[in-house]
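> I am attaching a structure below and will ask some questions about it afterwards.
The values are calculated or read from the model by the stated rules, or taken from the named source; none is laboratory data. Predicted model, so just to flag it, every value in this text is computed and none were measured. Glycine also receives a Cβ, built like all others from the backbone with ideal geometry; neighbour counts cover every protein chain displayed.
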Amino acid sequence: MTNSKIVIDASIVIKWLVLQREEKVAEARKVVQLLLQGKIQVWAPSFLLVEVTNILLKKKKMSIEVMDKAIQEIKKTGIQFVDFDVSEIGKLTRLAVQHSLTTYDAMYLLIAKEKKIPLLTLDRQLLKITDVCISLD
């Protein structure tokens, strides 16, 4: 995956931060290593930080202090965050309906389609969109 451009979603970023044994952690951490080494370029909607914060607090039960540190580390990786352009709401909605996605997941897909680069994800629903989405396999 060297010298690549990709969009990543929260399912990948969470794997960078998990403390317990889960599948695909080593593969996800390889992605962040490549990013930190400047070997890949990565984009994500700025919403990724909100989504990861929610997962860390609600599902992973992290303390606010640990979660704050994790978010700061994510911000230092070099991910290029894209703010949502409200004029794109129609495209976003159509992608969500077409692929039976939440609008949150459709944000990642929208960026990938607009930049014409793959979306790296572990989300099963997104992985059904085989012309854009790729897994860590």
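> Which one of these is closer than 25 Å to Lys128 by Cα and of a type outside the set (S, T, N, Q): Leu17, Leu95, Leu34?
Leu95
> Tell me which residues, restricted to region 17-40, are assigned to a helix (DSSP H, G or I) and either loosely packed, with under 12 Cβ neighbours inside 10 Å or modelled with pLDDT of 90 or more (or both).
If we filter region 17-40 for residues that are assigned to a helix (DSSP H, G or I), which is where we start, we get 17, 25-36.
Across region 17-40, the qualifying residues are Val25, Ala26, Glu27, Ala28, Arg29, Lys30, Val31, Val32, Gln33, Leu34, Leu35, Leu36.
> What number goes with the only condition from (1) touching a residue at least 60 places away in the same chain (Cβ under 8 Å); (2) in a helix (DSSP H, G or I) that Trp43 does not pass?
Only one criterion is unmet by Trp43, namely (2).
> Oh, and also: Any chance region 87-101 includes a residue that's more than 17 Å from the chain's Cα centre (by Cα), among the basic types (Lys, Arg) and surrounded by fewer than 19 Cβ atoms within 10 Å (Cβ to Cβ)?
Within region 87-101, one or more residues are more than 17 Å from the chain's Cα centre (by Cα), among the basic types (Lys, Arg) and surrounded by fewer than 19 Cβ atoms within 10 Å (Cβ to Cβ).
> While we're here: Are there helices (runs of 4 or more DSSP H) fully within region 73-137 with at least 2 residues that are of a type in the set (S, T, N, Q)? List them. Walk me through it before giving the result.
Working: elements: 89-98, 103-115, 124-127.
Once the helices (runs of 4 or more DSSP H) in region 73-137 are filtered for at least 2 residues that are of a type in the set (S, T, N, Q), what remains is 89-98.
> Among the listed residues Asp9, Asp83, which satisfies the condition of being touching an Asp or Glu at 6+ places or on another chain (Cβ under 7 Å) and touching a residue at least 12 places away in the same chain (Cβ under 8 Å)?
Answer to the check: Asp9.
> Further, regarding this structure: Among the residues of region 102-131, count how many are buried (at least 17 other Cβ atoms within 10 Å of the Cβ) and under 14 Å from the mean Cα position of the chain (by Cα).
Total meeting the criteria: 16.
> Pairs under 8 Å by beta carbon, first residue closer than 20 Å to Ala28 by Cβ in region 59-75, partner part of a helix (DSSP H, G or I) and β-branched (Val, Ile, Thr), six or more apart or different chains?
Close Cβ pairs (under 8 Å, with a partner that is part of a helix (DSSP H, G or I) and β-branched (Val, Ile, Thr)) amount to Lys60/Ile14; Met67/Thr53; Ala70/Val52; Ile71/Val52; Ile71/Thr53; Ile74/Val13; Ile74/Val52.
> If Leu92 passes every condition in (1) without any contact (Cβ under 8 Å) to a residue 60 or more places away in the chain; (2) closer than 14 Å to Leu17 by Cα but one, which one does it miss?
(2)
> Using the structure shown, decide if Glu65 is assigned to a helix (DSSP H, G or I) and either crowded, with 18+ Cβ neighbours inside 10 Å or touching a helix residue (DSSP H, G or I) at 6+ places or on another chain (Cβ under 8 Å) (or both).
No.
> Can you name the residue in region 41-62 that is farther than 23 Å from Lys113 by Cβ and under 16 Å from the mean Cα position of the chain (by Cα) and, of all such residues, is surrounded by the fewest Cβ atoms within 10 Å (Cβ to Cβ)? Let's see the steps before the verdict.
First, the residues of region 41-62 that are farther than 23 Å from Lys113 by Cβ: 53-62.
Cutting the leftovers down to under 16 Å from the mean Cα position of the chain (by Cα) gives us 53-56.
On the way: Thr53: 18, Asn54: 13, Ile55: 17, Leu56: 22.
So the residue we want is Asn54.
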